[in-house]
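These notes are about the structure you will find just below.
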Amino acid sequence: MKNNRKNNILTVMKKELRRFFGDRRMVATIILPGLLIYLVYSLMGNAFSDTVGGEGEGEAVYRVQAVHMSETVHAMVERSDAPMEFYACPDCDGLHDTESMAESLQSGAIDLFVAFPENFDALVAAYDPASGQPAPEVQIYYDSTSQRSTAAYTMMTAVLDGFESTMTNRFDINRTADVTYDLASEEDITGMVFSMLMPMLLVMLTFSGCMAVAPESIAGEKERGTIATLLVTPLRRSELAIGKIAAISIISLLSGTCSFLGVLLSLPKLMGGEEMGMVDASIYGITDYLWILGVILSTVLLFVSLISVLSALSKSVKEAASLVTPIMLLVMLVGVSGMFGSGTVEPVMHLIPVYNSVQCISGIFSMSYEPVSVIITMVTNVALAGVMVAVLTKVFNSEKIMLNK
C-alpha cells in the first residue's frame, strides 16, 4: 500500500517535471532572472567603478588645478591621504577664464579648479573677524554632472572646513592620520550590507518564482480542463496534492537558487567590488549557506502550498493571479522589514510565517543568528505547508470547486 502511494506521488511529480522541462520557454524562466540580475548589477557596478575610479588602475586620483596653492592646505591634504594631485596654474592670475575651466572639467583633463588669493596663509593669519572686512575667499570650480568632479569637490571642501576649524576651535578631531578611528571591520560592513539587502531580495525572488509556476500548474489545468483527467485516476487526492506541491517546489527552488546566485555574485560588484573594499562574500562559510538554503527551502514549500490552494480555488490563471497579488504585496512589505532588523528577535517571533524567514536570513548574513531560531523557523514553515497540503486535499475532493461547477 505504501509502495503504491509512493509510486503515485512519484508519477505525479514526474509528469509535472516532464511537462515543465519539456517546455523551453518555461525552463528559461528559471535561468533568465538570475542571469539578468547578475548582468545588470555587474554592469551597474562596473560602470560606477569606472566613473569614479577613472581607468580602474589603483586608487582614484583626482586632478586638481590650483592658483596660488596654500602650503598649509597642501600639507593638510597630504596628511589626510586624500587622493589628490595638484597642478600649478601660473598663467591664471587675475580673472579666471570660466569657459576654458569648464572645457577642462568636462573633458576630464582636470577634476577640480581651486583659486586661492595670493599669500593666502598670511592673509588668514592676519585676518581679524571683528574688523568687518571681507574674509579671504577661496573659489572652487567643479562639474556637478561628473561623479569624479563632485567627489573631488566634496573632499576639498572637507579639507578646507577642517583647516578653518583650526582657526577657532581649541581642540582637534581625529588629527592623527595613522590611527584608525572607525572601528567597523570589513566583516561588519559586509554583514550590514548583506543583511539589509539580501532578505528582501531573496524573499521577493522566491515568491516571484513560486507565483510564476504554481498558478499555471493547477489553475491552468482547471482552465484547460485537463485536471479532470487526473481526478478520475486511481490515486488519492492527498497524493495528487503532495505530488503537485513537491514538483512545483523543486521548480521554484531552482528559480530562487538561480536568482540568489545572481544577486550574490553581482552584489560585490554593485557595491564597488574588491577595489572599493566594501563587501566580501568570502567571510561566510558553508554552514552559513546551508542554513540559508534550509530557510529558503522551507519558505518555498510554504509559498508553493499557499499559492496552490489559492490556485485550486480559482477558475482561471488570471483569477489565481488576482488572488495571489495581495499576498505578494504583503510579502514585499515584510521583506522590507529585514532592512530595519538584525535577525536577533525573540524565538516566539519565529513562529510568524515569512517574517521569521526574513529575520533568519538577516541574522545569518549579519552573523548574529541563533541556530535554535533558524530551526524553529524551518519547522514552522514546513508545518504550515503541511496544513496547506491538507487544505489542498480537501479542495481536490470537492468536484464543485475543481470542475468549476
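Since every read-out is calculated from the coordinates, none of them should be taken as a lab result. Everything numeric in this text was worked out from a predicted model, so none of it was measured. Positions of Cβ are generated from backbone atoms using ideal geometry, with glycine treated the same way; all protein chains shown enter the neighbour counts.
Quick check: net charge around Ala152, other residues with Cβ under 9 Å of its Cβ, Lys/Arg +1 and Asp/Glu -1?
+1
Under a model in which nothing but the beta-carbon of Lys, Arg (+1) and Asp, Glu (-1) is charged, the range 293-405 shows a dipole of about 500 debye around its Cα centre. Give me the net charge of Thr72's neighbourhood, meaning all other residues with Cβ under 13 Å from the Cβ of Thr72; Lys, Arg count +1, Asp, Glu -1. Charge balance in the 13 Å sphere: -3. Pairs exceeding a 21 Å alpha-carbon distance, out of Lys244/Lys394; Lys244/Lys318; Lys6/Lys400; Lys6/Lys222; Lys318/Lys400; Lys14/Lys318: Lys6/Lys400; Lys6/Lys222; Lys14/Lys318. Can you tell me how the range 196-246 classifies by the Cα gyration tensor, rounded, prolate or oblate, using a/c under 1.5 as the rounded cut? Because a/c hits 1.5 or more and a/b fails to exceed b/c, the range 196-246 counts as oblate. Positive contributions from Lys and Arg (+1) and negative ones from Asp and Glu (-1), summed over other residues with Cβ under 14 Å from the Cβ of Asn356, come out at -2.
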